[in-house]
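What follows is one structure encoded as structure tokens, with my remarks underneath.
The values are calculated or read from the model by the stated rules, or taken from the named source; none is laboratory data. What you are looking at is a predicted structure, and each value in this text was computed from that prediction instead of being measured. Cβ: placed from backbone, ideal geometry, glycine included. Neighbour counts: every protein chain shown. Heavy atoms of the whole protein, side chains included, go into the accessibility calculation; ligands, DNA and RNA do not. Shrake-Rupley method; radii C 1.70, N 1.55, O 1.52, S 1.80 Å.
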Amino acid sequence: MKNIVILISGAGSNMAAIVRAAQQEDWAQRDGARVAAVISHRPDAAGLAFARAQGIAALALDHRAYASRAAFDAELAAAIDRQQPALVVLAGFMRILTPGFVARYAGRLINIHPSLLPAFTGRHTHQRAIDAGCRFAGATVHQVTADLDAGPILDQAVVPVLPGDTADSLAARVLTQEHLMYPRAVRACLQRLAALSDAPPKPPTAG
Ligand code: GAR
């Protein structure tokens, strides 16, 4: 079984959308994949209760208990590795990860970011899109690399910015699209990784 580990910080609505899609589309039968664990660095993350109610292992690792970012990331990696994950999914995970952590999961670590990257990396993306007079906003699923919100783009969803929009109203419109896009992108990643691992080894090059 290909294990998916999802990291969250709060509500976990994208995580819930992935869990529901996996159930409704029967990823276990069709893709040999399942959401194996949900991990948060915040013990009060609402999404942990949802995961537990679905029978998914849910773990809180309080980042405040660790002396450094590297110490926390090492413990996080140990918890993730216990699941032997095919894919690690950041879903509203609001912590910067150390380069060592990112390198450990290179090619199998993805994130969803609430803007049309490469525009508006970082925080407050919706307010910044409104302030800039953007007519369109959206969200991006991308591979995670050592540079913040800059890895290769896997998918994007676009919504209009409407007159009178606030950061909250725009965020809600974008989030609805995130819930459609992220499960699709996760499944596509699993299928791409499976195709890569099934591919015959390349013959050695001459010379
Ligand atoms: C989502 O909008 C996601 O794109 C964003 O946080 C929200 C989490 O919602 N992620 C980031 O800003 C990452 N930099 P959720 O917890 O309900 O899925």
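Taking the criterion of being within 11 Å of the ligand (Cβ to nearest atom), buried (at least 17 other Cβ atoms within 10 Å of the Cβ) and of a type in the set (A, V, I, L, M, F, W, C), the residues of segment 9-34 that qualify are Met15, Ala16, Ala17, Ile18. Taking the criterion of being at negative phi, in a loop (DSSP other than H, G, I, E, B) and more than 8 Å from the ligand (Cβ to nearest atom), the residues of segment 112-126 that qualify are Ser115, Leu116, Leu117, Pro118, Ala119, Thr121.
The set of residues from segment 90-111 being open to solvent by 10 Å² or more (accessible area, probe 1.4 Å), within 12 Å of the ligand (Cβ to nearest atom) and of a type in the set (Val, Ile, Thr) comprises just one member, Ile96.
One residue stands out among those in segment 192-207 that are open to solvent by less than 100 Å² (accessible area, probe 1.4 Å) and closer than 17 Å to Tyr105 by Cα: the one that is modelled with the lowest pLDDT, which is Ser197. Scanning segment 140-154 turns up no residue that is in contact with a Ser or Thr (Cβ under 7 Å, 6 or more places away or on another chain), within 27 Å of Asp44 (Cβ to Cβ), within 12 Å of the ligand (Cβ to nearest atom) and not in a loop (DSSP other than H, G, I, E, B). In segment 122-138, the residues that are open to solvent by 90 Å² or more (accessible area, probe 1.4 Å) form no Cβ pair under 6 Å with any partner that is assigned to a helix (DSSP H, G or I), whether six or more places apart or across chains. Out of Ala65, Ala37, one residue alone is open to solvent by less than 20 Å² (accessible area, probe 1.4 Å), more than 11 Å from the ligand (Cβ to nearest atom), among the hydrophobic types (A, V, I, L, M, F, W, C) and more than 30 Å from Ala129 (Cβ to Cβ). It is Ala37. For Arg187, the criteria (1) surrounded by 15 or more Cβ atoms within 10 Å (Cβ to Cβ); (2) in a strand (DSSP E or B) hold in every case but one, which is (2). Can you give me the number of residues within segment 1-47 that are of a type outside the set (A, V, I, L, M, F, W, C) and either touching a Lys or Arg at 6+ places or on another chain (Cβ under 8 Å) or under 23 Å from Val144 (Cβ atoms) (or both)? Number satisfying all stated conditions: 15. Kindly evaluate Ala71 against the criterion of being at pLDDT 95 or above, open to solvent by 30 Å² or more (accessible area, probe 1.4 Å) and in a loop (DSSP other than H, G, I, E, B). Taking the combined requirement at face value, the residue does not satisfy it.
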